[in-house]
1. Could you list, in sequence order, all residues of segment 47-86 that are under 19 Å from Ala116 (Cβ atoms), open to solvent by less than 20 Å² (accessible area, probe 1.4 Å) and either modelled with pLDDT under 95 or in a loop (DSSP other than H, G, I, E, B) (or both)?
2. Can you find even one residue in segment 210-223 that is free of Cβ contacts under 8 Å to residues at least 60 places away in the same chain, more than 16 Å from the chain's Cα centre (by Cα) and not assigned by TED's automatic domain parsing to the domain that holds Ala116?
3. Any idea which of (1) in a helix (DSSP H, G or I); (2) open to solvent by less than 70 Å² (accessible area, probe 1.4 Å) is the one Leu89 doesn't satisfy?
4. Looking at segment 76-91, which of its residues are among the β-branched types (Val, Ile, Thr) and within 13 Å of the ligand (Cβ to nearest atom)?
5. In segment 179-211, how many are in a helix (DSSP H, G or I) and surrounded by 21 or more Cβ atoms within 10 Å (Cβ to Cβ)?
6. In segment 208-221, how many are within 17 Å of Glu131 (Cβ to Cβ) and either more than 14 Å from the ligand (Cβ to nearest atom) or in contact with a Pro (Cβ under 8 Å, 6 or more places away or on another chain) (or both)?
7. Which one is nearest to Ile114 (Cα to Cα), of the residues in segment 190-206 that are within 11 Å of the ligand (Cβ to nearest atom) and touching a Ser or Thr at 6+ places or on another chain (Cβ under 6 Å)?
Amino acid sequence: MTLRSPLINVMTAAARKAARNLVRDFGEVEQLQISVKGTSDFVSSADLRAEKTLHAELRKARPGFGFLLEEGGELKGTDASHRWIIDPLDGTTNFIHGIPHFAISIGLERDGEIVAGVIYQPVTDEMFMCEKGAGAYVNDRRLRVSARRRLDDSVVTTGIPHKGRAHHEAFLRQLGAVMGATAGIRRMGSAALDLAYVAAGRCDAYWEMDIKPWDMAAGILMVREAGGYVSDLDGGREMMTTGDVLATNDHLLGPLGNLLRGQPATA
Ligand code: LIP
């Protein structure tokens with residue numbers, strides 16, 4: 001069984017088309033490793049090319065819809081209620097370094113609510129898909145968040161703020177609290193895939209501060225349609241405006257949220 005609807009077909013076809021060039025470009029990156037500048041210029045053009053393909057394909061299929069693009073910004077459509085939210089290459093740093101962990105992320109917003117999402121990891125050919133009320137799938141398999149109840153057994157993913165990003169001290173406090181309470185923390189480098197992996201039950205939770213709407217739009221719905229919960233770090237629903245995200249199952253939401261807010265897990 002899998003998820004098939006005209007909308008999902010449009011989104012997966014656009015992702016596959018954009019991924020073809022991305023994979024070819026990824027193959028070239030290793031040849032460019034000697035010149036750091038050359039690599040990042042090359043990657044920005046790969047990124048832009050993927051975004052152009054996604055924009056063209058989705059505009060052809062749904063002409064009036066607006067866009068929020070990582071590179072191109074906001075493009076208003078004639079249909080004011082629909083907007084595609086797109087990251088053509090989530091995991092850019094991995095891509096630049098030849099690490100095969102990156103994805104294309106496409107979310108569709110209707111009247112301010114995400115109603116469909118696709119996250120495509122071309123290197124493993126895994127197409128994560130979700131539609132509001134219809135569940136979440138990877139290829140032909142239904143997704144379900146993990147059932148782990150105890151922090152001690154849980155593997156948690158996160159994003160570490162790097163040079164030029166804010167919240168270094170706050171992150172170190174969060175890390176200190178979570179590392180002592182869980183079975184392990186991973187920093188894999190793609191927020192979209194971190195959310196998809198929580199939806200798939202591969203990781204039990206994910207948190208990060210200060211990410212962008214295109215990093216999380218598709219992933220938020222993916223986790224919810226897989227039976228999980230997504231909140232901001234205050235336990236509210238302002239992820240897209242604050243940039244702060246916690247995604248996990250219903251058992252771990254309370255304890256992890258407490259730890260991240262500097263309280264005991266059982267507060
Ligand atoms: C990246 C995220 C990553 C996060 C980075 C960055 P990009 O997106 O997915 O997990 O920690 O700060 O936002 O830049 O590769 O699209």
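The values are calculated or read from the model by the stated rules, or taken from the named source; none is laboratory data. This one's a predicted model, so the numbers in the text were calculated from it and none came from an experiment. When we count neighbours, we look across all protein chains shown, and the Cβ atoms used for this are built from the backbone with ideal geometry, even at glycine. For accessibility, only protein heavy atoms count, side chains too; no ligands or nucleic acids. Shrake-Rupley method; radii C 1.70, N 1.55, O 1.52, S 1.80 Å.
1. Once the filter is applied, which keeps residues that are under 19 Å from Ala116 (Cβ atoms), open to solvent by less than 20 Å² (accessible area, probe 1.4 Å) and either modelled with pLDDT under 95 or in a loop (DSSP other than H, G, I, E, B) (or both), segment 47-86 yields only Gly64.
2. Among the residues of segment 210-223, not one is free of Cβ contacts under 8 Å to residues at least 60 places away in the same chain, more than 16 Å from the chain's Cα centre (by Cα) and not assigned by TED's automatic domain parsing to the domain that holds Ala116, which makes the answer no.
3. Only one criterion in (1) in a helix (DSSP H, G or I); (2) open to solvent by less than 70 Å² (accessible area, probe 1.4 Å) is unmet by Leu89, namely (1).
4. Across segment 76-91, the qualifying residues are Ile85, Ile86.
5. Filtering segment 179-211 for residues in a helix (DSSP H, G or I) gives 179, 191-199.
Next, from what is left, pick out any that are surrounded by 21 or more Cβ atoms within 10 Å (Cβ to Cβ): 191-199.
Here the count works out to 9.
6. So the answer is 1.
7. Among residues in segment 190-206 that are within 11 Å of the ligand (Cβ to nearest atom) and touching a Ser or Thr at 6+ places or on another chain (Cβ under 6 Å), the one nearest to Ile114 (Cα to Cα) is Ala192.
To keep it simple, each residue is scored yes or no on (1) in contact with a helix residue (DSSP H, G or I) (Cβ under 9 Å, 6 or more places away or on another chain); (2) not small (Gly, Ala, Ser).
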position: Gly73; (1), (2): no, no
position: Asp87; (1), (2): yes, yes
position: Gly117; (1), (2): yes, no
position: Arg142; (1), (2): no, yes
